[in-house]
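Here's the structure we're looking at; comments come further down.
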Amino acid sequence: MPQNSVLSRAARALLLVSLSLGFLNACGDNGPSESPSLSAEERQQLEQRIAALEADVTRLQAQVAQQQQDQGRTEQENTALAAQVETLRTQLAEARELLDSQDWDGVLVRLDEARGEVERLKALLQTTEGRLSLVAALRFGDAPFALDQPFTTARGDTVQFSELRYWLTNVKLRKQDGTTVALAHSYHLMDVMKAQDVEGTASPTVLPARRREQVDVAAVPAGTYTGIEFSVGVDPAYNDDMSRQAGELHVLTNMASISWMWFTSYIFTKTKGQYVTADGGAAPFAWETGTNADYRTVSQTFAAPVTVHSQKQLTVRLRADVAALFSTLSPRTTPTINASDAASRSTLSNAFQSMFSLEAVENPDR
């Protein structure tokens, strides 16, 4: 049954403007009013407004559920957020019931309450952490990178690869004031490799073939950022003490060796394959870096600032051009780079640093 209006004429007018519906009759302040009939178009507009808010609530509920997995909120905080979502669902269910009973004033009240609650919950989620996907797509010049495929270098060598691996570590986002925010546990092993036996195990263990060009970070502090930084290699704190573990660092990856240096050390980069010799034959080449002096940091600046929070995800797409490794080095003259060749390691480390360029930054709403 229609209920007496509890809205003053002024409040009612504001609601009508905000909802873009001009179908309520004027009535005296706090006095009773009869519920006017609505046209089919006006009723459809109300139904669409309810449906739009229901869609907002569904998205917010999904974000709350995802954050319960990604972030370390307390049970009390999770319960409070879930209660807010349920309050919204109740308000919208009541709005539908009032719509069916043709209590237009009641519908407007519930919609106004629900809209305010949605905005409060969005504001709360905007202070919580977001997500980052960092994609470093491997190329060789203009061609996609692949194993066992011949490529021609800038120095005229023909090479093909059996393995390319490197540590991408210490990812940071740069703020507008120039300071950086370090992302936790960011020690990631990037690679294109075939299956291979794990070194240093008593029983046979096999690393499966893998192509990994993307890093996903679930807990990115909410904020506005102007660029990204990361390193190629492992910082001295962990490189000098492999008993310390962080992120994906592990000695059983074939990217750590007790004999590569005269002390234990991670292998920062590993590039292996074969090249065509002067007489048309094939010979192997193996290039590795791994001392603290080989550690390099890459910095990229976004074209425009981006915002990250629970409703704004960030995807940074990089181009990783392997051809850059051969701009000043040739496997014909330097088929092996390892711990004993500091000059070539430095040149190769610089080449790894320079092979990354920024292709795109995507910052859509979730």
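Key figures for this structure:
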read-out: Some residue of segment 276-287 being without any contact (Cβ under 8 Å) to a residue 24 or more places away in the chain, part of a loop (DSSP other than H, G, I, E, B), at positive phi and more than 31 Å from the chain's Cα centre (by Cα); value: yes
read-out: Extreme residue, surrounded by the fewest Cβ atoms within 10 Å (Cβ to Cβ), among residues of segment 40-62 that are modelled with pLDDT under 80 and of a type in the set (A, V, I, L, M); value: ALA62
read-out: Verdict on PHE145 being surrounded by fewer than 20 Cβ atoms within 10 Å (Cβ to Cβ) and aromatic (Phe, Trp, Tyr); value: no
read-out: The listed residue being among the small types (Gly, Ala, Ser) and assigned to a loop (DSSP other than H, G, I, E, B), out of SER299, SER344, SER357, SER330; value: SER330
read-out: Filter result for VAL298 (in contact (Cβ under 8 Å) with a residue 24 or more places away in the chain and under 23 Å from THR158 (Cβ atoms)); value: no
read-out: Subset of segment 221-244 (residues that are crowded, with 16+ Cβ neighbours inside 10 Å, small (Gly, Ala, Ser) and assigned to a loop (DSSP other than H, G, I, E, B)); value: ALA222, GLY233
read-out: Residues satisfying the stated conditions in segment 266-315, i.e. acidic (Asp, Glu) and surrounded by fewer than 20 Cβ atoms within 10 Å (Cβ to Cβ); value: ASP279
read-out: In segment 101-117, the residues that are surrounded by fewer than 19 Cβ atoms within 10 Å (Cβ to Cβ) and more than 22 Å from VAL85 (Cβ to Cβ); value: SER101, GLN102
read-out: Sole exception among (1) assigned to a loop (DSSP other than H, G, I, E, B); (2) β-branched (Val, Ile, Thr); (3) crowded, with 19+ Cβ neighbours inside 10 Å for THR201, by number; value: (3)
read-out: Residue list for segment 85-95, restricted to those being within 16 Å of ASP56 (Cα to Cα) and either under 27 Å from the mean Cα position of the chain (by Cα) or not polar (S, T, N, Q) (or both); value: VAL85, GLU86, LEU88, ARG89, LEU92, ALA93, ALA95
read-out: Residue list for segment 154-194, filter: touching a strand residue (DSSP E or B) at 6+ places or on another chain (Cβ under 6 Å) and closer than 30 Å to GLY280 by Cβ; value: ASP157, THR158, VAL159, GLN160, PHE161, SER162, GLU163, LEU164, ARG165, VAL192, MET193
read-out: Filter result (surrounded by 15 or more Cβ atoms within 10 Å (Cβ to Cβ) and farther than 17 Å from TRP167 by Cα) within segment 340-358; value: ASP341, SER344, THR347, LEU358
read-out: From the options GLN68, GLN76, residue that is assigned to a helix (DSSP H, G or I), surrounded by 15 or more Cβ atoms within 10 Å (Cβ to Cβ), at pLDDT below 80 and not acidic (Asp, Glu); value: GLN68
read-out: All positions within segment 316-339 that are buried (at least 20 other Cβ atoms within 10 Å of the Cβ) and among the hydroxyl-bearing types (Ser, Thr, Tyr); value: none
read-out: Tally of residues being of a type in the set (Val, Ile, Thr) and within 15 Å of GLN353 (Cβ to Cβ) across segment 266-290; value: 3
read-out: Breaking point among (1) assigned to a strand (DSSP E or B); (2) among the aliphatic types (A, V, I, L, M); (3) more than 24 Å from the chain's Cα centre (by Cα), for ALA218; value: (3)
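The values are calculated or read from the model by the stated rules, or taken from the named source; none is laboratory data. It should be emphasised that the depicted structure is a prediction, and the values quoted were computed from it without experimental measurement. As a convention, Cβ positions derive from the backbone with ideal geometry for all residues, glycine included, and neighbour counts pool all protein chains shown.
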